[in-house]
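*Asks:* Dropping the structure in here first, questions after.
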Amino acid sequence: MNTNDDFFTRGISFPSFIAINRYMDKQILNDSKLLTLMIYIALRVKRSGKTESNNWSGINLNIGEFIIGRLTTVKETDLTETEYRSRIKKLQTLKIIDNLQPTNKYTKGNWLENSFIDINLEQSAIQQDNQQKSSELTTNNNINNANNPIFSIVNSLNKNNTFNTYNTNDYVTVITSYMQHKGIELKGNEIKNTFFVVKKIFESERTTQQIIQFMQWLKKHEGYEEYPWINSWTINTVQRKLPEFLANKLKIRTWEDDYPSL
């Protein structure tokens, strides 16, 4: 890797809250292991004050701080212990990170404003949250109305099923959410078939919120090679596996399971 352009032609993409300076220091560009560790840390910098990201293994983090487990980082970045320690020190020397608090298990520190990577912190996170809430509100307002083709089909099916009839809006919400999480569009008999599966779930006294939470979980965990059934999940999967999900019996193994003390 000899030039800055080499780095930017490799198809590497980053979240919108991270901006990389095109003219990054050659000390970093010429050291792939240093670059890997820098990006690894950048993706773990705390960006907002949300409760779910407020601590790590019981250690509170302020905005702009990060914490990485030593063994986990070594494993996920393919660095040796020696490479990990030397690159951490070099990032501090280059004034990319500071206020390091290393232990045998983890390293805590601050991400500094620098010319290499710019991370939008609190304001960016707030803006993204507001945009998401606005988008969700618009979507919800458009789901349950007579102009929605799914609404008209479901409403007709619901009226013709006098036994155990449930709220039409709940059907539409679940079916629309299913299409969104699967990235598909249902039409005609596909909507009808999905309707009857959702009806069976409702008959099991499951709520709309429970169904959508499970679909969100399935979407989040797509791509795990160890769990091929998740990659090909359908509304039938939701019906079949929802009881296990609600009983907390579905668990995807993560690095926290392998390194619980980190």
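*Asks:* I want to confirm something. Restricting to the stretch 78-131 and keeping residues that are aliphatic (A, V, I, L, M) and in a helix (DSSP H, G or I), which single residue is modelled with the lowest pLDDT?
*Replies:* Applying the filter and picking the extreme gives I126.
*Asks:* Okay, moving on. Whether any residue in the stretch 191-212 is more than 22 Å from N160 (Cβ to Cβ), at pLDDT below 90, surrounded by 17 or more Cβ atoms within 10 Å (Cβ to Cβ) and not acidic (D, E) is what I want to check.
*Replies:* No: zero hits.
*Asks:* What residue, of N158, N164, is assigned by TED's automatic domain parsing to the domain that holds K220, on the phi > 0 side of the Ramachandran plot and at pLDDT below 95?
*Replies:* On inspection, the qualifying residue turns out to be N164.
The values are calculated or read from the model by the stated rules, or taken from the named source; none is laboratory data. Here the structure is a predicted model, which means the values were calculated and not measured. Neighbour counts are summed over all protein chains in view; Cβ atoms, including those assigned to glycine, are modelled from backbone coordinates with ideal geometry.
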